[in-house]
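Report on the following structure.
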Amino acid sequence: MKKEEIIFWILFIVSIGVVLWYLLGKSPSMEQALLILVLTLVFKNSLDLRTVKLDLQYTKSSVAVLEQSVTALTADVTELKRRVNAPGAKSK
């Protein structure tokens with residue numbers, strides 16, 4: 001497990017504990033219980049956003065490689081057309 005995942009699970013367990021503590025009485029206020037829960041969710045969303053960002057960077061690099069391949073293919077096809085249409089080219 002990564003340290004971010006460990007922190008998330010610790011925050012999640014703490015937030016569940018605070019919510020249960022609130023429900024059972026003699027607890028922090030509702031705002032304090034919600035604050036811990038919201039902080040946990042915000043932390044989880046930031047982790048997910050980081051993962052999406054990494055996936056997007058990988059996709060961008062893959063698209064760049066694909067673009068280069070298509071450009072090279074276009075140049076090859078243009079060269080083949082030029083050779084076929086050149087004067088003196090053998091025709092069937």
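A few points about this structure:
- 3J(HN,Hα) along the stretch 3-16, derived from phi through the Karplus expression 6.51 cos²θ - 1.76 cosθ + 1.60 where θ = phi - 60°, amounts to 5, 5, 5, 5, 4, 4, 5, 5, 4, 5, 5, 4, 5, 4 Hz, with x in place of Gly and Pro.
- Phi-derived couplings, Karplus 6.51 cos²θ - 1.76 cosθ + 1.60 at θ = phi - 60°, listed residue by residue for the stretch 75-87: 5, 5, 5, 4, 5, 5, 4, 4, 5, 5, 8, 5, x Hz, with x used for Gly and Pro.
- Likely footprinting exposure, Val19, Val38, fewest C-beta neighbours within 10 Å first: Val38, Val19
- Taking every lysine pair in the chain that is 8 or more places apart or spans two chains, those with Cα atoms closer than 22 Å amount to 7.
- Residue-wise HN-Hα coupling along the stretch 32-41, computed from phi with Karplus coefficients 6.51, -1.76, 1.60 (Hz; x: Gly, Pro): 5, 5, 5, 4, 5, 5, 5, 4, 4, 5
Where a number appears in this text, it was derived from the coordinates with a stated rule and is not lab data. Remember, it's a predicted structure, so these values are computed and weren't measured experimentally. Virtual Cβ from ideal backbone geometry, glycine too; neighbours counted across all protein chains shown.
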